[in-house]
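Below is one structure, written out as structure tokens; comments come after it.
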Amino acid sequence: MAKTVLITGSSTGIGRVAAEFFQKQGWNVAATMRTPSKETTLNTLNNVICPALDVTSTESIQVAMAETIKAFGSIDVVVNNAGYGLNGPFEGASDEQIRRQFETNVFGLMAVTREMLPHFRNRKAGVVVNVASMGGRLTFPLYSVYHSTKWAVEGFSESLRFELEPLGIRVKIIEPGAIKTDFYERSNDNTSATAPDEYNAFQGKAMARMKKAGNKGIAPVKVAEVIFKAATDDSGKLRYPVGPDATGLLLMRRGMPDSVYAKVIGGAIMK
């Protein structure tokens, strides 16, 4: 019997490619998104449905899960992928921007997980795959709020695994590096318009470097492959870095004093 995955944020980027990848492996896929009425491709694939799901709405989450279970009988894996990046000087961030970043990247992920757990507990099996970032264990300039959400996802996931493993439920963290998606464009928000002018010179150099790194990033299908591996490898492994930059930088950061890391990143950004 085919297994079923529910993926949040499937309209673009990693979520969309992951939905396609799982479908090609013979899985049933609930490729959830906020506005499925705009979708014209995923919903034409065999064994794929596109329920409406807004991670900031508990009712929306519950309805999407019920629709998925009705269509496929059960859910084996949930992939918490929905999210976006807020960048720019922190001083320019509005209360609304900060709250929205946490509502989507942290509280939404927690809400989906919490609603899924009774189903997994009843089945005594399930996998929670949380898409974090290499930015959940290291930092770059101008992403202070975004980084704080991804660090929160890392801590939440690592602690949650202790509670869920005795129940037959596994937790996985995906840590992509730079990926060729719309992260720097459509899936991005910026504080520049309300930030003081004193930040302009630094921001101009830093964001140019970030976009350059993004343009050299790996294809999103590489992340989809790792998500699938995490969902199916039946191991106790928690963290899955994706991409040579994630692997290399996380290893470097682990053994590097804070002062040295600051000089390395600051020098790379401003050169």
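Key figures for this structure:
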| read-out | value |
| --- | --- |
| Spans of strands (runs of 3 or more DSSP E) in the stretch 137-246 with at least 3 residues farther than 20 Å from Val106 by Cβ and of a type outside the set (Val, Ile, Thr) | none |
| Residue check for Ala206: closer than 30 Å to Asp258 by Cα and crowded, with 21+ Cβ neighbours inside 10 Å | yes |
| Within the stretch 20-31, tally of residues that are free of Cβ contacts under 8 Å to residues at least 40 places away in the same chain and either of a type in the set (Val, Ile, Thr) or in contact with a helix residue (DSSP H, G or I) (Cβ under 7 Å, 6 or more places away or on another chain) (or both) | 2 |
| The one condition in (1) among the charged types (D, E, K, R); (2) at pLDDT 90 or above; (3) over 19 Å from Gly9 (Cα atoms) that Lys205 fails to fulfil | (2) |
| The stretch 247-261, residues that are assigned to a helix (DSSP H, G or I) and either in contact with a Ser or Thr (Cβ under 8 Å, 6 or more places away or on another chain) or surrounded by fewer than 13 Cβ atoms within 10 Å (Cβ to Cβ) (or both) | Leu251, Arg254, Asp258, Ser259, Val260 |
| Restricting the stretch 125-136 to residues that are assigned to a helix (DSSP H, G or I) and touching a residue at least 24 places away in the same chain (Cβ under 8 Å), the residue that is surrounded by the fewest Cβ atoms within 10 Å (Cβ to Cβ) | Met134 |
| Qualifying residues in the stretch 232-253 (those that are over 16 Å from Ala219 (Cα atoms) and of a type in the set (D, E, K, R)) - the one nearest to the chain's Cα centre (by Cα) | Arg239 |
| First in the stretch 236-252 and free of Cβ contacts under 8 Å to residues at least 60 places away in the same chain and on the phi < 0 side of the Ramachandran plot, second anywhere and among the polar types (S, T, N, Q) and surrounded by fewer than 18 Cβ atoms within 10 Å (Cβ to Cβ), Cβ under 7 Å, 6 or more apart | none |
| Failed condition for Ser159, given (1) crowded, with 20+ Cβ neighbours inside 10 Å; (2) over 18 Å from Ile269 (Cα atoms) | (1) |
| From Ala193, Ala268, Ala213, Ala208, residue being without any contact (Cβ under 8 Å) to a residue 24 or more places away in the chain and either under 17 Å from Tyr143 (Cα atoms) or in contact with an Asp or Glu (Cβ under 7 Å, 6 or more places away or on another chain) (or both) | Ala208 |
| Selection count, the stretch 1-19, where residues are in contact (Cβ under 8 Å) with a residue 40 or more places away in the chain, closer than 17 Å to Ala64 by Cβ, of a type in the set (Ser, Thr, Tyr) and assigned to a loop (DSSP other than H, G, I, E, B) | 2 |
| Residue in the stretch 168-179 that is out of contact with any Ser or Thr (no Cβ under 9 Å at 6 or more places or on another chain) and at pLDDT 95 or above present | yes |
| The stretch 132-150 - residue that is touching a Gly at 6+ places or on another chain (Cβ under 7 Å) and of a type in the set (A, V, I, L, M) and, of those, farthest from Asn87 (Cα to Cα) | Met134 |
| Verdict on Ser74 being closer than 30 Å to Asn47 by Cβ and touching a residue at least 60 places away in the same chain (Cβ under 8 Å) | yes |
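The values are calculated or read from the model by the stated rules, or taken from the named source; none is laboratory data. All values reported here derive from a predicted model rather than from experimental measurement. FYI the Cβ positions are ideal-geometry reconstructions off the backbone, even for glycines, and counts take in every protein chain you see.
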